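Coordinate-derived values only; no laboratory data. In this text the structure is predicted, and so the values were computed from the model without any measurement. Cβ placement follows ideal geometry from the backbone for every residue including glycine, while neighbour counts extend to all protein chains displayed.
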């Protein structure tokens, strides 16, 4: 029984030692960063800004406004 136990322990330790030296293809952090970058390319964030000339309006006032759309991550005007 002692020999069986020591052989199982030896096999377990040797297997773990061999697995420690297997090279990995990609770092998990890099994989997450690449996945987020791909998601940002597929689903771009756009922000809509609306500027008015007054903070409040009365009945019958003319509303003057300026609106524009930007690409969220780059803060540049969108192609819309």
Residue tally, condition surrounded by 11 or more Cβ atoms within 10 Å (Cβ to Cβ) and either over 30 Å from the mean Cα position of the chain (by Cα) or touching a residue at least 12 places away in the same chain (Cβ under 8 Å) (or both), over the range 32-53: 6
Residues of the range 60-74 classified as in contact (Cβ under 8 Å) with a residue 12 or more places away in the chain and assigned to a loop (DSSP other than H, G, I, E, B), total: 3
Matching residues, the range 23-48, being over 14 Å from residue 72 (Cα atoms) and either touching a helix residue (DSSP H, G or I) at 6+ places or on another chain (Cβ under 8 Å) or not in a helix (DSSP H, G or I) (or both): 23, 24, 25, 26, 27
